[in-house]
Each structure stands twice: as structure tokens, then as C-alpha cells.
Amino acid sequence: MDNQSKNQFFLLIKKNKILFTAFDQKKGSIFTKEKLIEYNSIDKIYYLLENFLKQNILEIEKDLKNFIKKIYIIFESDSFFIAETSTKHNFNYNKISDTLIDIRNQFNKHSLGYETIHMIINRYIINGAAYNVLPEEFDNKNLVIEINFICLEDEIISNFKKIFFKYQISINKILSYEYLKNLNNH
């Protein structure tokens, strides 16, 4: 088996199913494995996920002729929470990314027990006018940025990592299903 895959692996955990998908960069989806489920608690999803992996991971790797070393998790859950914030600074256009990193770091510093899954810039407000995209030229003294942080409890992330570790798989990223669904709608 080739353990130097160029494929990407995704596991969708929804309230009604677990769906594994392998994507080839050129061909798109090359393999899927689905199991219908029903869960009403986070502990139940751990059990169902463990069971899915136990029953399927060796077969999946054999069919793909490839070891799965890293995976993206797309998770549908009420466990995510959104924190909204805004900030006003004297920004320099070239330094705005540094400022956003600082904002994220400050948020993370004061959000003990939670990990930021997504940081979303909702809009920029310049001199009272709202923009979805930051204009190239703007008055940096009157810039407000509205940001949402989508977060998940550290314990949930840790438990997912422990489950996948048993199969020598690391988690690339955990993504919010609701957030991705909303992106697709836009």
C-alpha cells in the first residue's frame, strides 16, 4: 500500500449518518462509505464513530490501496457555539492580517476549554458604510471589523483525536457542517 497519498480523506458526522469520502485531486470523489445512524448525545457519537472505524477502516484502506494518515472531520452538532465580536483599530492595510491573528489569539486566550474552529469576518465598516470585502483604499482610522468565532469544546476535540489515534490517523481539521452548508448556500 502507498502511504504517501495525494488523496484527501473526509469523514462527515451528521445526526443521521457517518460518511467517509476519499478525494483525488484530479478525479474528485473516488470512494465513499456510508452508515446510517441516529444519536442524541455526544457520548453516543463517540460510540458510533468508534464502531464505524472498527468495522470499516481496514476495508477502506484495502479498497483504496492506501493508508489513511490524516483526515478532515465535518461535524454536525449542537455543541458548536458562535461568539460575535467587533474591533476598531487604526489599521494599516498591509498589517491587517497580523491584527486578525492577534484578535484570534486574544479570543483563544480568554476562551479556555474551547478551540476556535472557524474565524469568520462578517463585514468591514468604514466611515459607517458596510463592505463584505475590504476595499484596497480606505481610511484606516475609521475601520471596524465584525468577526464571528465558531468554537467547539476541547474535550470533544480531544475525544475525537483519541478515537482516531487508535487507528493511527491524525485529524487535519474539524469543520462545522452548518458553517460549510451556509457557505455553499451563498
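Just to be sure before I move on: is Ile82 part of a helix (DSSP H, G or I) and either farther than 26 Å from Gln168 by Cβ or without any contact (Cβ under 8 Å) to a residue 24 or more places away in the chain (or both) in the structure I sent? For Ile82, the condition - part of a helix (DSSP H, G or I) and either farther than 26 Å from Gln168 by Cβ or without any contact (Cβ under 8 Å) to a residue 24 or more places away in the chain (or both) - is not met. The single condition among (1) modelled with pLDDT of 95 or more; (2) open to solvent by less than 60 Å² (accessible area, probe 1.4 Å) that Glu155 does not meet is (2). The set of residues in segment 53-70 that are open to solvent by 40 Å² or more (accessible area, probe 1.4 Å) and either in a helix (DSSP H, G or I) or free of Cβ contacts under 8 Å to residues at least 40 places away in the same chain (or both) comprises Lys54, Gln55, Leu58, Glu59, Lys62, Asp63.
Give the residues of segment 100-131 that are free of Cβ contacts under 8 Å to residues at least 40 places away in the same chain, outside any strand (DSSP E or B) and of a type outside the set (Lys, Arg), sorted by residue number.
To start, the set of residues in segment 100-131 that are free of Cβ contacts under 8 Å to residues at least 40 places away in the same chain comprises 101-102, 105-106, 108-110, 112, 116, 119, 121-131.
Restricting the remaining residues to those that are outside any strand (DSSP E or B) gives 101-102, 105-106, 108-110, 112, 127-128.
Residues satisfying the conditions are Ile101, Asp102, Asn105, Gln106, Asn108, His110, Leu112, Asn127, Gly128.
Scanning segment 16-52 for residues that are free of Cβ contacts under 8 Å to residues at least 12 places away in the same chain and in a strand (DSSP E or B) turns up Gly28, Ser29. The single condition among (1) open to solvent by 60 Å² or more (accessible area, probe 1.4 Å); (2) within 30 Å of Gln8 (Cα to Cα); (3) not aromatic (Phe, Trp, Tyr) that Ile117 does not satisfy is (1). Within segment 71-85, which residues are surrounded by fewer than 15 Cβ atoms within 10 Å (Cβ to Cβ) and of a type in the set (Phe, Trp, Tyr)? Once the filter is applied, which keeps residues that are surrounded by fewer than 15 Cβ atoms within 10 Å (Cβ to Cβ) and of a type in the set (Phe, Trp, Tyr), segment 71-85 yields only Phe81. Filtered by the rule that a residue be open to solvent by less than 80 Å² (accessible area, probe 1.4 Å) and closer than 15 Å to Phe164 by Cα, segment 28-52 gives Ile45, Tyr46, Leu48, Leu49, Glu50, Asn51, Phe52. Within segment 160-186, being outside any strand (DSSP E or B), of a type outside the set (A, V, I, L, M) and open to solvent by less than 50 Å² (accessible area, probe 1.4 Å) holds for Phe160, Phe164, Tyr177. Against the conditions (1) within 30 Å of Asn148 (Cα to Cα); (2) surrounded by 12 or more Cβ atoms within 10 Å (Cβ to Cβ), Lys88 satisfies every one except (2).
Pairing each residue of segment 134-159 that is assigned to a helix (DSSP H, G or I) with any residue that is modelled with pLDDT under 95 and among the basic types (Lys, Arg), provided the two are 6+ apart or on different chains, yields C-beta distances under 9 Å for Asn142/Lys88. Considering only residues in segment 2-27 that are open to solvent by 40 Å² or more (accessible area, probe 1.4 Å) and hydrophobic (A, V, I, L, M, F, W, C), the one that is modelled with the highest pLDDT turns out to be Phe10.
The values are calculated or read from the model by the stated rules, or taken from the named source; none is laboratory data. Note that the structure is predicted; figures quoted are calculated from it, not measured. We place every Cβ from the backbone using ideal geometry, glycine too, and count neighbours over all the protein chains shown. Accessible surface is based on the protein model in full, side chains and every heavy atom, while ligands, DNA and RNA are left aside. Shrake-Rupley method; radii C 1.70, N 1.55, O 1.52, S 1.80 Å.
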